[in-house]
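Worksheet for the structure shown next.
What follows draws every value from the coordinates through simple rules; no lab data is involved. Since the model is a prediction, treat every value here as computed from it, not as a measurement. Heads up, the Cβs are rebuilt from the backbone with ideal geometry, glycines too, and the neighbour counts pull from every protein chain shown.
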Amino acid sequence: MKKNSENYSIYPLVVPAGKTSTIRIVSRNITGDDEPSINVLGRPVIGGTFKPGRKYTVEVFPREIGTVERAVLREMKIDYRIENGYLTFDYEFNEEQEYYIKVIETIEETDTLLALFKIYSLHEDLYSLTPLKGEIHMHSNWSDGKQPAEFMYAYARRAGMEFAALADHYQLQPAEPIRKKLSKINTGLKIFNGEEVHNKNHRMHIVSFGARECITKMLEERYDEIVEEAKKYLENHDPFPPDVNPLEYAVERWVFDEIRKQGGVGILAHPYWPNEKDAPYIPVTLSRLLMREGCADAWEITGVDDGDKDFLQGVLYSEERDRGCNMPVVGATDAHNNTRLGESYSIVFAADDSFESIASAIRNNLSVGARQITRADGVTRYMAYGPARLVRYAIFLMNEFYTLQDRLCFIEGELMLEALSGGAWANDLIGAIAEQISREKRFLFGKVTVKP
């Protein structure tokens with residue numbers, strides 16, 4: 001879709017598999033009836049509003065499944081109709097996969113490809129869910145970050161996030177002063193509680209996403225009591241690998257359980273983070289143990305500011321899946337300023353954008369860790385980790401949907417920065433753009449119909 005976003009839009013972008021969908025292609029270039037079809041060079045003038053009487057051809061090709069269908073479609077013309085400048089057709093998209101849609105215009109026996117779109121068809125269980133892009137691990141100057149906390153939320157929105165959580169050290173965010181500042185802004189960004197939990201006596205870092213209380217404060221105020229409580233996890237446990245401290249393991253398990261008691265999601269953070277002499281800051285054996293025993297709710301599979309470390313985390317994830325460990329994954333940047341936001345993130349497939357729905361989706365393995373890399377030539381490539389079905393869909397969304405939505409999110413984020421810096425004039429614009437983002441997403445995912 002992004003290849004045609006300057007000239008055409010297609011609605012919806014995501015359709016239910018096995019059902020007939022009405023597809024509408026809309027020209028963004030409105031032309032009148034009095035405009036010529038041949039330019040001054042004697043060549044066809046292509047594009048513009050779809051008009052009755054002109055000759056168009058619509059072709060649909062499944063990308064993965066249905067070679068017989070693909071062969072038949074090459075010989076079959078799909079009926080279409082022109083309605084108020086839209087090109088509209090009905091089609092049943094079979095199977096769950098990506099489809100190509102071509103629109104060709106013929107003027108004086110010359111065929112011109114007007115548009116090449118991609119559409120994704122989903123089975124009902126996934127079609128009924130909403131993809132949400134989020135950053136759940138970033139830092140502000142309330143701990144070791146470089147930017148004010150409220151600015152980091154604005155930067156997250158500018159990077160295309162639909163939900164975000166600060167994970168400052170020793171502090172549950174957003175703190176009350178930050179909440180007051182954000183409450184004055186009518187942003188479409190959903191903001192949830194966050195904290196990165198660790199203690200001077202233990203090396204592991206754990207992201208507490210959405211918990212009601214600060215876990216690090218509990219460790220600081222009653223560490224000895226917690227250690228005694230945690231020792232219950234060592235009772236009747238199998239012998240530990242030689243490089244795993246049993247007490248460290250026990251306290252980490254206590255933290256994960258306490259996050260759940262506080263209504264949050266406990267995430268094992270950056271297991272390949274090179275903190276001590278370029279070696280992982282915790283033994284990989286401890287990461288494997290926590291994964292296999294299901295201690296954490298999810299694993300942060302992207303977020304190390306080093307490509308090969310992220311790659312190694314992906315390898316570790318693949319190895320553990322081969323052994324039957326099916327731990328959910330999320331993505332994040334662990335950003336300490338605004339420069340890396342948007343490089344890695346989570347895509348969660350949830351019933352709605354409430355914290356309860358997002359948390360439930362993560363726990364039920366309905367999320368992926370995403371990463372995007374922009375090459376020196378300016379081309380951006382996308383990758384994702386998680387269940388294969390979700391990864392295929394996520395790659396489509398990163399290429400075809402988020403490249404469009406991110407444009408408006410960038411503007412909203414910039415306006416948030418203006419408002420947070422005292423520019424009250426930006427508030428009304430923020431609300432208007434947030435509503436347009438929500439409205440366009442409903443159209444693209446077929447939740448409402450574009451009126452002809």
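Over the chain, what relative contact order in percent results from Cα pairs under 8 Å that are six or more residues apart? Let's see the in-between values first.
Numbers: 929 pairs, mean separation 73.2, N = 452.
Normalised by residue count, the contact order of the chain is 16 percent.
Starting from segment 220-258, pick out the trypsin sites (Lys or Arg not before Pro) whose DSSP state is loop and whose Cβ has at most 16 other Cβ atoms within 10 Å. Don't jump to the answer; show the numbers that get you there.
Numbers: sites: Arg222, Lys231, Lys232, Arg253; in loops: Arg222.
For trypsin sites (Lys or Arg not before Pro) across segment 220-258 that sit outside H, G, I, E and B with at most 16 neighbouring Cβ atoms in 10 Å, the list reads Arg222.
Can you give me the relative contact order of segment 346-425 as a percent, contacts being Cα pairs under 8 Å and 6 or more apart?
Averaging sequence separation for qualifying contacts and normalising by length gives 18 percent for segment 346-425.
Any chance you could check the Cα centroid distance between segment 212-261 and segment 300-369 for me, in angstrom?
24 Å
Would you mind calculating the relative contact order of segment 97-151 from Cα pairs under 8 angstrom and at least 6 residues apart, reporting the percent as a whole number?
Numbers: 51 pairs, mean separation 13.1, N = 55.
About 24 percent, as a whole number.
Please grab the % of Cα pairs in segment 142-188 that end up more than 17 Å from each other. The partial results should precede the final answer.
Numbers: 320 of 1081 pairs.
Of all Cα-Cα pairs in segment 142-188, 30 percent lie more than 17 Å apart.
Please give, to one decimal in nm, the separation of the simple spin-label points placed at Phe311 and Asp353, each 7 Å out from Cα toward the Cβ.
Distance between the two pseudo-spin positions: 3.6 nm.
What percentages, rounded to whole numbers, describe P(r) for the chain computed over all alpha carbon pairs with 20 Å bin width beginning at zero?
For the chain, the pair-distance distribution reads 23, 49, 23, 5, 0.
Angle, helix 246-261 long axis vs. longest principal axis of the chain, Cα atoms, 0 to 90°, nearest 10?
50 degrees
Output the Kirkwood hydrodynamic radius of segment 69-185, Cα pairs only, in Å rounded to one decimal.
When all Cα pairs of segment 69-185 are included, the Kirkwood radius is 19.2 Å.
Among Pro387, His205, Gly446, whose Cα projects farthest towards the positive end of the dipole of the chain, with charges put on the beta-carbon of Lys, Arg (+1) and Asp, Glu (-1)?
After comparing all options, I get Gly446.
Loop only by DSSP, 13 or fewer other Cβ within 10 Å of the Cβ. Give me the GluC sites (Glu not before Pro) in segment 133-241 that pass, ordered by residue number. Don't skip to the answer; put the middle values down first.
On the way: sites: Glu135, Glu150, Glu162, Glu195, Glu196, Glu213, Glu220, Glu221, Glu225, Glu228, Glu229, Glu235; in loops: Glu162, Glu213, Glu235.
Sparse-neighbourhood loop GluC sites (Glu not before Pro): Glu235.
Along segment 51-63, what does the Karplus equation 6.51 cos²θ - 1.76 cosθ + 1.60 (θ = phi - 60°) give for ³J(HN,Hα), rounded to whole Hz, x for Gly and Pro?
Working through the residues one at a time gives 10, x, x, 7, 9, 10, 10, 10, 10, 10, 10, x, 7 Hz.
For the pairs Lys190/Lys447; Lys102/Lys441; Lys184/Lys217; Lys190/Lys309, note any where the Cα-Cα span goes beyond 24 Å.
Working: Lys190/Lys447 20 Å; Lys102/Lys441 22 Å; Lys184/Lys217 29 Å; Lys190/Lys309 30 Å.
Checking Cα-Cα distances, Lys184/Lys217; Lys190/Lys309 exceed 24 Å.
Do the sum for the chain: with -39,500 (n - 2.57) for every DSSP H run of n ≥ 4, divided by all residues, what is the mean residue ellipticity at 222 nm, to the nearest 500 deg cm²/dmol?
Details: 13 runs with 144 residues, N = 452.
One gets -9500 deg cm²/dmol as the mean residue ellipticity at 222 nm.
Report the Rg/Rh value for segment 386-437, based on alpha-carbon coordinates and the Kirkwood definition of Rh.
Using only Cα positions, Rg/Rh for segment 386-437 is 1.21.
Using +1 at the Cβ of each Lys and Arg and -1 at the Cβ of each Asp and Glu in the chain, identify which of Asn29, Gly303, Ser9 lies farthest towards the dipole's positive end.
Among Asn29, Gly303, Ser9, the one farthest towards the positive end of the dipole of the chain is Asn29.
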